[in-house]
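Single-structure report; data block below.
The values are calculated or read from the model by the stated rules, or taken from the named source; none is laboratory data. Because the structure is a prediction, the values reported are computed rather than measured. Reconstructed Cβ throughout: ideal geometry from the backbone, glycine too, with neighbour counts over all protein chains shown. The protein model used for the area step is the full one, side chains on, heavy atoms only, and it has no ligands, DNA or RNA in it. Shrake-Rupley method; radii C 1.70, N 1.55, O 1.52, S 1.80 Å.
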Amino acid sequence: ATVKVGAATMLTAVASDPDGTIAKVDFYNGGALVGTAVAAPYTHALTLNAPGTFVVTARAYDNKGAQTTSTPVMVTASNNSAPTVSLVASPTTVTVGATSTLTATAADTDGTIAKVEFYNGATLVSTDTTAPYSYGFTPAAAGMFTLSARAYDNVGAQTTSNSVVVTATMAAPAVNLPRITLTLSNSLVAPGTTIT
């Protein structure tokens, strides 16, 4: 719902009619009609050419002319460029309980980086607000973990990094070898003498 001025955001309406069919769906920016879709999926690519916050709606018409307007959706257009972010993990294979260091490289061409979040799948696991942006990932169980980072700039624009996979394996079991100790009854004997 936040786009750069001049870039398109895709509006998607889900419309149905229990006693007929959907004839069309009109899309509105404020009171202005900006697009019409006559077949599902009902979509329209909205391009905002000026900064600001805009209220968009969809209006569905059935085959008998009845109509319903959707709840409004807010779309914000800004001249701000989203940040960039990339992620690496080292090492990518660890034993359970050992740590892989995730390092995110984040930059913003027209502002500053406010924070970088680290995710294990969809779960937020850490937030770093100062460079270098890093997190020590320590898996508690064996498996493959898909990790990513999300960078936010000073006005709230965000970008998600590439994903990295860290594999955790169980440590090899310790091998318990038998012990043996040799003692001598006498360490200085004449040749031919038996020792215990």
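Count of region 2-31 residues, restricted to those that are assigned to a loop (DSSP other than H, G, I, E, B), within 30 Å of residue 80 (Cα to Cα), of a type in the set (A, V, I, L, M, F, W, C) and out of contact with any Pro (no Cβ under 7 Å at 6 or more places or on another chain), is 1.
Looking only at strands (runs of 3 or more DSSP E) that lie completely in region 37-113, which have at least 1 residues being touching an Asp or Glu at 6+ places or on another chain (Cβ under 8 Å) and in contact (Cβ under 8 Å) with a residue 24 or more places away in the chain?
Answer list for region 37-113: 52-62, 84-90, 100-107.
Just checking, does region 170-188 include any residue being of a type in the set (Gly, Ala, Ser) and surrounded by 15 or more Cβ atoms within 10 Å (Cβ to Cβ)? Checked region 170-188: no residue is of a type in the set (Gly, Ala, Ser) and surrounded by 15 or more Cβ atoms within 10 Å (Cβ to Cβ). Quick one: in region 55-79, of everything that is of a type outside the set (Ser, Thr, Tyr) and within 27 Å of the chain's Cα centre (by Cα), which residue is farthest from residue 14 (Cα to Cα)? Checked region 55-79; the qualifying residue farthest from residue 14 (Cα to Cα) is 79.
Give the residue that is modelled with the highest pLDDT, with candidates limited to residues of region 102-128 that are open to solvent by 60 Å² or more (accessible area, probe 1.4 Å) and over 17 Å from the mean Cα position of the chain (by Cα). Applying the filter and picking the extreme gives 112. Pairs linking a residue in region 124-152 that is of a type in the set (Gly, Ala, Ser) to a residue that is surrounded by fewer than 12 Cβ atoms within 10 Å (Cβ to Cβ), with Cβ atoms under 6 Å and 6 or more positions apart or on different chains, are 142/170.
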